[in-house]
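The structure under discussion appears below in the form of structure tokens.
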Amino acid sequence: MKHLIANWKMNFINSDAWLKDFDLNNIPKEIKVVICPNYLEIEDFYEISSKTHEKILIGAQNLSSETKGAFTGQISGKMLKNIGASYSIVGHSECRLQGEDDETILNKVQTAIECELIPILCIGENQEEYSKGRTEKKIKHQLTENLFPLKNLSKSVLIAYEPIYAIGSGIAVQNEHLEEVSLLIKDLVRDNLGIDLTLIYGGSVTSDSAKNLAKIDGIDGFLVGNASLDPKEFANIALSLE
């Protein structure tokens, strides 16, 4: 199953207007479309989309590693589930830069599963690690710390490979590198967990770059940032996954 996921980050979007301009009829049925608005928009977006775009699923951009209690300012996975979310991004590089460590991210993946949310685990190397040939070491570390301790996982976990230097930069990742990394990730997951997980790519994905990226072996969809703010552009990206 292909996945096309929008991460709207901290942007103001008119959900009603966005949905009116998003032509879901032309999107292949085998593609799951997931929108991750800001926390305050999730419930409204869910209510609007469920009436007009029932095929669209809703995700959160993050969640707490705890389900309830004295955790001021945190958002529980159970709360997200109750207002319509089915997915949650976990371990995005922008959150890691704000202090999320490996243990926290592991706990968030576990909590998402317990709250019946599908976690979208983000992994990827930075520019220095890529330049020094440390991509494989970084990927192995993140999977070992953020996912592999969780045994008996089902396929309802997504991995988003997002090389940090490509996020929002317009930098195109070389096809050869992306194919090598995608196969590495899938082999590591298969060897350690005995399952095949959906792997999506994120990092300055546009309708132009998506046509090329979709041809790469091992890529099962995209996590889209800035380009997803434009509903027509987002729909064009979806068409590349046919």
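Here are the numbers for this structure:
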quantity	calculated
Counted residues, region 228-242 - those being surrounded by 19 or more Cβ atoms within 10 Å (Cβ to Cβ), under 17 Å from N14 (Cβ atoms) and of a type in the set (A, V, I, L, M, F, W, C)	2
Selection within region 30-62 - surrounded by fewer than 21 Cβ atoms within 10 Å (Cβ to Cβ) and part of a helix (DSSP H, G or I)	Y39, L40, E41, E43, D44, Y46, E47, I48, S50, K51, T52
Every residue from region 108-128 that is within 16 Å of L184 (Cα to Cα) and charged (D, E, K, R)	E125
Pick from region 187-242, criterion under 15 Å from the mean Cα position of the chain (by Cα) and among the hydroxyl-bearing types (S, T, Y), ranking: farthest from F22 (Cα to Cα)	T198
Residue match in region 2-16 (condition: modelled with pLDDT under 95, assigned to a strand (DSSP E or B) and not acidic (D, E))	yes
So E125, is it charged (D, E, K, R), touching a helix residue (DSSP H, G or I) at 6+ places or on another chain (Cβ under 9 Å) and crowded, with 21+ Cβ neighbours inside 10 Å	yes
Given (1) touching a Pro at 6+ places or on another chain (Cβ under 9 Å); (2) assigned to a strand (DSSP E or B); (3) basic (K, R), number of the condition K20 does not satisfy	(2)
Hey, Y201 outside any helix (DSSP H, G or I), among the aromatic types (F, W, Y) and either in contact with a Pro (Cβ under 9 Å, 6 or more places away or on another chain) or within 15 Å of F222 (Cα to Cα) (or both) or not	yes
Boolean, G203 is on the phi > 0 side of the Ramachandran plot and surrounded by 21 or more Cβ atoms within 10 Å (Cβ to Cβ)	yes
Output for region 133-152, where each listed residue is of a type in the set (A, V, I, L, M) and surrounded by fewer than 19 Cβ atoms within 10 Å (Cβ to Cβ)	L150
Flag if I171 is aliphatic (A, V, I, L, M) and either within 17 Å of L4 (Cβ to Cβ) or at pLDDT below 95 (or both)	yes
Cβ-Cβ under 7 Å pairs, at least 6 apart or on other chains, region 48-59 side among the basic types (K, R), far side surrounded by 12 or more Cβ atoms within 10 Å (Cβ to Cβ) and modelled with pLDDT of 90 or more	K55/V33
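Condition check ((1) within 21 Å of A6 (Cα to Cα); (2) among the small types (G, A, S); (3) free of Cβ contacts under 8 Å to residues at least 40 places away in the same chain; (4) crowded, with 17+ Cβ neighbours inside 10 Å) across all residues:
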{"site": "S64", "(1), (2), (3), (4)": "yes, yes, no, yes"}
{"site": "Q74", "(1), (2), (3), (4)": "no, no, yes, no"}
{"site": "S93", "(1), (2), (3), (4)": "yes, yes, no, yes"}
{"site": "L106", "(1), (2), (3), (4)": "no, no, no, yes"}
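The values are calculated or read from the model by the stated rules, or taken from the named source; none is laboratory data. Not measured: the values here are computed from a predicted model. So basically every Cβ, Gly included, is an ideal-geometry build from the backbone, and we count neighbours across all protein chains shown.
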